[in-house]
Structure formats: C-alpha cells, structure tokens
Amino acid sequence: IGGLLGDRIELLPGRLERLSGRIKAWTRLKTLKPAARKIAIVLYGFPPGQGSAGTAALLNVPQSLRSLLVALEKAGYNVGDALDLD
C-alpha cells in the first residue's frame, strides 16, 4: 500500500482505499448465502475462431465444468439452467 518516493516509502492513499474496499467486499461476500453470490467461469479458447473453446491437452474440460457446476449447485449456488444442456 506504499510506494517508493525518492529514498522514502510513503503511503499511497489510493492503494489504501482500494485495499479497504476489497476487504469490505470480501467481508460482505462471506455473509451472503451461496445462492446470492456470483461466480464467473472463464474457458480458455485459443486459437480464436477454431472451435477450441474449453480445450486443454489430455483434459475433459466439458466434464470437469459439469462436475464443478454440480458441486456448486449442491453447495447452494444458483447455476441456473446450465445443467439442463443434455
């Protein structure tokens, strides 16, 4: 939260405010029930436009994602209709 200014380390107010904001958000998040929390899942897709979204060498990404969604739903998270894609 500090920065080197010349030969001194000084508190940078913007960094302190950002850190305190994150701490407040993490504290609030901990009090929310899982169904009220939001999670983003990002799938790797490279090269773009090659039908390679969610691919990884020797891994079954779609099955792993499904397993993750099932576990999240069991833990009380709202996964919407993501598991109804069969």
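The values are calculated or read from the model by the stated rules, or taken from the named source; none is laboratory data. The shown structure was predicted, so the numbers you read here are calculated from the model rather than taken from an experiment. Neighbour counts run over all protein chains shown; Cβ positions are idealised from the backbone, glycine included. These area figures cover heavy atoms from the full protein model, side chains too; ligands, DNA and RNA do not enter into them. Shrake-Rupley method; radii C 1.70, N 1.55, O 1.52, S 1.80 Å.
Couple of notes before you dig in:
- One decimal place: the segment Asp84-Thr31 gains 16.2 nm when fully extended, by the rule 0.36 nm per residue minus the C-alpha distance.
- Only the Cβ atoms of Lys and Arg (+1) and of Asp and Glu (-1) were treated as charged; on that basis the dipole of the chain about its Cα centre amounts to roughly 460 debye.
- For segment 1-49, the residue among Ala25, Phe46, Pro13 whose Cα projects farthest onto the positive side of the dipole built from Cβ charges is Ala25.
- Evaluated at q = 0.12, 0.18, 0.24 Å⁻¹: base-10 log I(q)/I(0), Debye formula over Cα of the chain: -0.66, -0.89, -1.15
- Compared with the dominant principal axis of the Cα atoms in the chain, helix 61-74 is inclined by about 70°.
- As a rough guide to protection, the peptides 63-74, 11-22 ranked by mean Cβ packing within 10 Å, highest first, stand as 63-74, 11-22.
- The long axis of helix 13-31 is offset from the longest Cα principal axis of the chain by roughly 40 degrees.
- Just the protein heavy atoms count here, and of the accessible area of the chain at 1.4 Å, carbon and sulfur take up 60 percent.
- Sparse packing (at most 10 other Cβ atoms within 10 Å of the Cβ) combined with a DSSP loop state is found for the following chymotrypsin sites (Phe, Trp or Tyr not before Pro) in the chain: Tyr44.
- Within-14-Å neighbourhood charge of Leu4 [Cβ basis; K, R +1; D, E -1]: 0
- Taking all Cα pairs closer than 8 Å and separated by 6 or more residues, the relative contact order of the chain comes to 19 percent.
- Per residue, the solvent-accessible area of segment 21-82 (1.4 Å probe, heavy atoms of protein chains only, all protein chains present) comes to 84 Å².
- Computed [θ] at 222 nm, deg cm²/dmol, the chain (DSSP H ≥ 4; -39,500 (n - 2.57); rounded to nearest 500): -13000 deg cm²/dmol
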